[in-house]
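Contents: one structure, followed by commentary.
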Amino acid sequence: MEDFSKAQGHWILARMGKKVLRPGGKELTQKLVAALNVSAKDHITEFAPGLGYTASLALNAGPASYIGVDADEKAVAFLQKNIKGSNVRFELGNAAHTGIAGASRDKVFGEAMLTMHADHRKTEIIKEAHRILKKGGLYAIHELGLQNADETLKAEIQKDLALAIKVNARPLAIAEWSALLEKEGFAVKQTFTNSMHLLEPGRIIKDEGFFRTLKIGLNILLHPAAGKRIVQMRRTFKKHQQHMNAVVIIAEKQS
Ligand SMILES: C[S@@+](CC[C@H](N)C(=O)[O-])C[C@H]1O[C@@H](n2cnc3c(N)ncnc32)[C@H](O)[C@@H]1O
């Protein structure tokens with residue numbers, strides 16, 4: 001029996017059929033992929049491919065190789081079954097310790113996965129991206145941002161998010177995300193932002209399409225306990241919508 005009252009928010013949304021689980025939606029993901037400009041010469045790695053939307057987009061560019069590392073066994077099994085290719089590999093593992101050879105990748109990217117870790121864990125993952133990238137290689141992130149939030153408000157947002165999504169989410173201001181990357185040897189090349197409208201009807205239809213949105217709605221009606229949690233998440237996102245956004249940063253390994 002599934003316990004929707006205790007489950008993590010992204011798991012509930014995925015269970016209801018939601019495929020796009022990153023804060024800036026497909027729109028910001030498409031900007032991230034375009035900015036990476038993947039070519040046939042590139043060896044690329046994705047941290048936390050989840051359900052594989054970005055993996056498919058990046059693979060359309062025909063990279064030399066792709067390795068996706070996700071910590072969720074079910075996600076990896078799903079990806080291995082659904083996305084195949086001779087140069088494509090999905091591995092179960094922690095993005096902070098991938099086992100991938102040092103200085104072997106041209107591009108690394110990850111979405112909606114650093115936010116859910118404490119700052120020292122974010123740094124471990126950023127260090128790993130740096131380790132496996134070649135000099136001049138690109139690291140792209142797509143995460144939850146904060147805007148015009150002082151320390152008191154930041155703490156309140158973190159507390160409200162923890163209660164609503166049952167994950168100790170720690171969004172950061174764009175300057176803080178940039179500083180974390182710069183501290184580990186990256187230079188920020190480009191940034192993009194979008195509103196944090198993950199659970200707004202307009203964004204859901206844009207991300208999922210009309211029929212999938214109907215299906216998600218029906219699933220929620222059939223699972224009232226999940227519906228209750230989703231209403232609570234949406235209320236929290238709405239309460240803080242002036243102070244939260246979605247952030248994409250494209251950074252280059254310096255040395
Ligand atoms: C919110 S989902 C985002 C998934 C996907 N990137 C997306 O945007 O749709 C979180 C995913 O991140 C994965 N994840 C979180 N921390 C991770 C880590 N340190 N290493 C590998 N995967 C991680 C989880 O297993 C889960 O599949």
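The values are calculated or read from the model by the stated rules, or taken from the named source; none is laboratory data. This is a predicted model, so every value here is computed, not measured. When the accessible area is computed, the model is the full protein with side chains, heavy atoms only, and any ligands, DNA or RNA have been set aside. Shrake-Rupley method; radii C 1.70, N 1.55, O 1.52, S 1.80 Å.
Listing for the model above:
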{"read-out": "Rounded to whole Hz, the Karplus (6.51, -1.76, 1.60) HN-Hα couplings of the stretch 238-255, x for glycine and proline", "value": "5, 4, 10, 5, 5, 10, 10, 8, 10, 10, 10, 10, 10, 10, 10, 5, 8, 8"}
{"read-out": "Between 0 and 90°, nearest 10: helix 73-82 axis offset from the chain longest Cα axis", "value": "70"}
{"read-out": "Span from the the stretch 184-237 Cα centroid across to the the stretch 7-29 one, whole angstrom", "value": "6"}
{"read-out": "Karplus (6.51, -1.76, 1.60) ³J(HN,Hα), θ = phi - 60°, over the stretch 198-212, in Hz, Gly and Pro reported as x", "value": "3, 10, 8, x, x, 5, 4, 5, 4, 7, 9, x, 5, 5, 5"}
{"read-out": "Mean-position separation - Cα centroids, the stretch 120-136 and the stretch 83-115, in angstrom", "value": "11"}
{"read-out": "Cα gyration tensor shape for the stretch 54-155, rounded if a/c is under 1.5, else prolate or oblate", "value": "prolate"}
{"read-out": "Proximal lysines to Lys107, defined as alpha-carbon separation beneath 16 angstrom and excluding residues fewer than eight positions away on the same chain", "value": "Lys31, Lys41, Lys127, Lys134, Lys135, Lys189, Lys253"}
{"read-out": "Prolate/oblate/rounded call for the stretch 63-123, Cα gyration tensor, a/c under 1.5 rounded", "value": "oblate"}
{"read-out": "Kirkwood hydrodynamic radius over Cα pairs of the chain, then Stokes diffusion coefficient at 4 °C and 1.567 mPa s, in µm²/s", "value": "70"}
{"read-out": "Gain in span if fully extended, Lys238 to Ala77, counting 0.36 nm per residue against the direct Cα distance", "value": "54.5 nm"}
{"read-out": "Portion, in percent, of the accessible area of the stretch 9-253 that falls on carbon or sulfur, probe 1.4 Å", "value": "56"}
{"read-out": "For Asp72, solvent-accessible area (1.4 Å; no DNA, RNA or ligand), Å²", "value": "70"}
{"read-out": "Heavy atoms of Leu146: accessible area, 1.4 Å probe, square angstrom to 10", "value": "10"}
{"read-out": "The chain: calculated mean residue ellipticity at 222 nm from DSSP helix runs of at least 4, using -39500 (n - 2.57)", "value": "-13500 deg cm²/dmol"}
{"read-out": "Tilt relative to the chain, helix 174-183 - C-alpha long axis, 0 to 90 degrees, to 10", "value": "30"}
{"read-out": "Reachable aspartates and glutamates from Lys228, criterion Cα separation under 18 angstrom, eight or more residues apart if same chain", "value": "Glu2, Asp3, Asp160, Glu200"}
{"read-out": "Heavy-atom accessible area per residue - the stretch 9-253, 1.4 Å, Å²", "value": "45"}
